[in-house]
1. Kindly list the number of the only condition in (1) surrounded by 16 or more Cβ atoms within 10 Å (Cβ to Cβ); (2) under 26 Å from the mean Cα position of the chain (by Cα) that fails for Gly127.
2. Could you give every pair whose Cβ atoms fall below 7 Å, whose first residue belongs to segment 69-98 and is more than 30 Å from Leu21 (Cβ to Cβ), and whose second residue is in a strand (DSSP E or B) and among the basic types (Lys, Arg), counting only separations of at least 6 or pairs across chains?
3. Assess whether Ala115 counts as being under 19 Å from Trp255 (Cα atoms), touching a residue at least 60 places away in the same chain (Cβ under 8 Å) and of a type in the set (A, V, I, L, M, F, W, C).
4. How do the helices (runs of 4 or more DSSP H) wholly within segment 128-191 filter down when requiring 2 or more residues that are without any contact (Cβ under 8 Å) to a residue 60 or more places away in the chain and within 27 Å of Ala217 (Cβ to Cβ): which remain?
5. Quick one: is Val272 of a type outside the set (Phe, Trp, Tyr), surrounded by 13 or more Cβ atoms within 10 Å (Cβ to Cβ) and either modelled with pLDDT of 85 or more or not in a helix (DSSP H, G or I) (or both)?
6. When you go through Gly262, Gly229 one by one, which is the residue that is in a helix (DSSP H, G or I) and either surrounded by 18 or more Cβ atoms within 10 Å (Cβ to Cβ) or among the hydroxyl-bearing types (Ser, Thr, Tyr) (or both)?
7. Can you confirm whether Ala173 is over 17 Å from Gly109 (Cα atoms) and aliphatic (A, V, I, L, M)?
8. Name the residues in segment 21-37 that are surrounded by 12 or more Cβ atoms within 10 Å (Cβ to Cβ), at pLDDT 75 or above and of a type outside the set (Ser, Thr, Tyr), would you?
Amino acid sequence: MLSERVRAAMLTSAIVATFLLVWYGLTLPPKFDAMGLSEDELMVKEFNGDIVRNDFGEYVFNPDKALGLPGPGPVARKAYSELSEAFHKKGTNDHGVAYLVLYTVIRFGSGFFVASVVAVLLGVAIGLSPLLFRALNPIIQLLKPISPLAWMPLLLYSVKDPTWTAILVVFMAALWPTVANTAFGVNSIRSDYLRVSALLELGWFERLYRVVLPGAAPAIVAGLRIAFGSALVAVVPAEMLLGELGIGYLTWIEWNNLDISGVVFAILVVGVVGITLDTLFNRVSKMVTYPE
């Protein structure tokens, strides 16, 4: 009997294989019909690169000029080309995909880490004071749904540096969800925990470390998870709009070059980076979450 994990892996493989087959079938180029065209017309089309001859000497549409979405084959060839030069630097704005991923991860990590520290400290302070919680909660709920990209023009005008602007966009994306969840988690800690800490005459910092943070950990981690997703979604369009080297920049450059295979490859890179970072985050979150 196969285990649940093996069956899930087999089902995932079957879904991916089915998707690739459907993708391949839907993106097959149409067959070129030379009926009704003279030799001169065919020569003009061949000269313009619209059609080429295959191995059998028949005219077919030029795959390099094919319209519509590319199939798995062109995307795979593009991926091989990019990954074979992943660590190359050919110019100021022509860096390999490995460097572009590194730049994005650094921006994301810097903004998310600073936002998490600030948000947890601010959320704990708000959650420990019922007055502050009631006073600031409406403001937090107002700021939380604002798209981080909406802050970008103001941030760019203020700091006048696209790199710092991208980091601050990530910071804004990660700040408010974590503040809101941390404040709610601290404010909702069982009163029994606080009474026991008072009976044990724990100091303020010891009570914070041993009671408040462990008790609010599930809510804090939930907020960090929401902030993590928001920050990861924000960093790519920020790079696209700011023209900063990164995964978003790769997507935008491929679009400007009208290389749709490159755009699909860049989207896949975003997905791989996202799932890798999410897996690492899950492992860290399990280390800091305490079961009741």
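The values are calculated or read from the model by the stated rules, or taken from the named source; none is laboratory data. Since we're looking at a predicted model, the values are computed, not measured. Methodologically, a virtual Cβ is constructed for each residue, glycine included, from the backbone with ideal geometry; neighbour enumeration extends over all protein chains shown.
1. (2)
2. Close Cβ pairs satisfying both conditions: His95/Lys89; Gly96/Lys89.
3. No.
4. Here the list reads 130-143, 162-187.
5. Judged against the criteria, Val272 is not a match.
6. Values: Gly229 fails: either surrounded by 18 or more Cβ atoms within 10 Å (Cβ to Cβ) or among the hydroxyl-bearing types (Ser, Thr, Tyr) (or both).
Result: Gly262 is the single residue among Gly262, Gly229 that is in a helix (DSSP H, G or I) and either surrounded by 18 or more Cβ atoms within 10 Å (Cβ to Cβ) or among the hydroxyl-bearing types (Ser, Thr, Tyr) (or both).
7. When the stated conditions are applied, Ala173 does not pass them.
8. Correct list: Trp23, Leu37.
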